[in-house]
Every structure is written in C-alpha cells, then in structure tokens.
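Readers should treat all values here as calculations from the given coordinates under stated rules, not as data from a laboratory. Because the structure is predicted, anything quoted here is derived from the model rather than measured. Note that we place each Cβ from the backbone using ideal geometry, even for glycine, and neighbour counts take in every protein chain shown.
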Amino acid sequence: DLQQVTAEVKVLFRIPETSIVKIYRDYAGDPFETLIVPRLAEALKEVTALNTAAGIAKNREDVKRKALALTREKIGPILVIEDVALVNISLSKELEHAIEQNMVQEQAAEKARFEKQ
C-alpha cells in the first residue's frame, strides 16, 4: 500500500571457524557492515513488499521469521545468522491511528456477533 515503514533490527550472528580467514581477508575482519547489513535490508524489503503496512505491524513474528530465512539464504555458509529481532517497527502516525481504529471496529463487530449468538 506504498506506506513508509521503518524498522529497527538487531542481529545475532557468529563466524564459523572455517570462515575466519576468508572474512578477515575479504571483509577486513568486520563482516557486519559489508555482508550482513545489505543482505538483511534486501531481505526485509522483499518480505515487507508482500504485505500491507497494517499486516507488517500485526504479523511482525511472521515478517521476522521470513526475513531471517531469506537473510540466511542470501549470506550462505560464510556466517551463521542465529537470530534477527525486530526491535521497533514505526509507521506514520496517521497510519497507526487508522490501524487502531480498524482493530477497534473489528473487535466491536466480533462483540456484536457474540452477543447476537
């Protein structure tokens, strides 16, 4: 739905013993900025592009799981990505308000159905 979504992400990774020399040589010993960040950003964009902003906010665990799997696939065996945590997902104030109103309306409709039964 072309809404701006900002996410704060934390990554837990480790370097396998077999990759230490390659990482030191090819990535100056710091694989985070050159290897993890661009691939994680790409994975998050791919996953979030398939959802609405409201869907991202409601299903953050699903977004996290898919982004983690895609990041692992993109990085390959050179690093082990243990976990990705979506610390904060920020939407515009107007969109957050609209999502909140929608959820309130859904709850009211569910309550009305329950009371009717």
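Of all the residues in segment 1-13, those that are farther than 22 Å from I78 by Cβ, under 11 Å from the mean Cα position of the chain (by Cα) and surrounded by fewer than 17 Cβ atoms within 10 Å (Cβ to Cβ) number 2.
From the list A57, A69, exactly one residue is farther than 30 Å from K93 by Cβ and under 13 Å from the mean Cα position of the chain (by Cα). Which is it?
A69
For the condition under 20 Å from N88 (Cα atoms) and either assigned to a helix (DSSP H, G or I) or without any contact (Cβ under 8 Å) to a residue 12 or more places away in the chain (or both), V9 does not qualify. Residues being touching a residue at least 60 places away in the same chain (Cβ under 8 Å) and acidic (D, E): count how many of those fall in segment 64-117. Summing the residues that are touching a residue at least 60 places away in the same chain (Cβ under 8 Å) and acidic (D, E) in segment 64-117 gives 2.
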